[in-house]
1. Which residues, taken from region 80-97, are under 21 Å from residue 122 (Cα atoms) and at pLDDT below 95?
2. Scan region 102-126 for residues that are of a type in the set (D, E, K, R) and more than 16 Å from the ligand (Cβ to nearest atom) and report the count.
3. I'd like to check something: does region 158-165 contain any residue that is at pLDDT 95 or above, closer than 24 Å to residue 37 by Cα, touching a helix residue (DSSP H, G or I) at 6+ places or on another chain (Cβ under 9 Å) and open to solvent by 20 Å² or more (accessible area, probe 1.4 Å)?
4. How many of the residues making up region 4-46 are exposed (fewer than 12 other Cβ atoms within 10 Å of the Cβ) and in contact (Cβ under 8 Å) with a residue 40 or more places away in the chain?
5. Look at residue 57 and say whether it is basic (Lys, Arg) and modelled with pLDDT of 95 or more.
6. Any chance region 80-93 includes a residue that's free of Cβ contacts under 8 Å to residues at least 60 places away in the same chain, within 14 Å of residue 46 (Cα to Cα) and open to solvent by 50 Å² or more (accessible area, probe 1.4 Å)?
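The values are calculated or read from the model by the stated rules, or taken from the named source; none is laboratory data. Keep in mind it's a predicted model, so treat the numbers as computed, not measured. Quick reminder, even Gly has a Cβ in these numbers, built from the backbone with ideal geometry, and neighbours come from all protein chains shown. Surface accessibility is based on the protein's heavy atoms, side chains included, excluding ligands, DNA and RNA. Shrake-Rupley method; radii C 1.70, N 1.55, O 1.52, S 1.80 Å.
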Amino acid sequence: MPVLKIIHPSNPVLRKKAAQVTVFDTGLQNLIDDMIETMQAAPGVGLAAPQVSESIRLFVARLEEDSVDEIDVDAPKQPMAPGLGRTHVMINPKITRFVGEDVVGTEACLSIPGFLGDVTRPNGIIIKYLDRQGQRRKLRTHGWLARVLQHEYDHLDGILFIDKAEKVWRSDSEKHTETEQN
Ligand code: ZN
């Protein structure tokens, strides 16, 4: 499984509205596996298909093992892999509800290396999607995972975190460098 090339904003694919996935074939399964490997290798906590030049509505994200963000899951739980966490694969996702207060969080993006930004987003979401087998799923989550999923969701509409950030700065100018990239 190859690690895929992650594109930057100079590539117009990153700014396109991505198309719905209609075919669940071997090509799609291979792309999903390659995206998971690419996310882990980066390392990042989320990766959307447009970031690897595939303009389709698909992203992968992973929940760190120590997180308690995931609640009320209407989907079979994927296993936690040691050191990698639980990987979510979401196809044709739709955020059906925002839940809770708006909160500010610091984000980064594998397509915009070296930069961080403070983005205000709703703390929780309910998201409907298809899993990699094409089965309908629904996930209710809040906190860090909800932020990651909203960031990835934006990628499918050509929106980058720098569009929404109140403040963007170079990561090497920051004291703390623990922010994860997605
Ligand atoms: Zn991103």
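1. The one that is under 21 Å from residue 122 (Cα atoms) and at pLDDT below 95: 88.
2. 1
3. The initial filter retains those residues of region 158-165 that are at pLDDT 95 or above, namely 158-165.
After this cut, where a residue has to be closer than 24 Å to residue 37 by Cα as well, the list is 158-161.
Retained after the next criterion (residues that are touching a helix residue (DSSP H, G or I) at 6+ places or on another chain (Cβ under 9 Å)): 158-161.
Of the ones still in play, those that are also open to solvent by 20 Å² or more (accessible area, probe 1.4 Å) are 159.
Yes, region 158-165 has at least one match.
4. Residues that pass the stated criteria total 3.
5. Here the answer is yes, as residue 57 does meet what is asked.
6. yes
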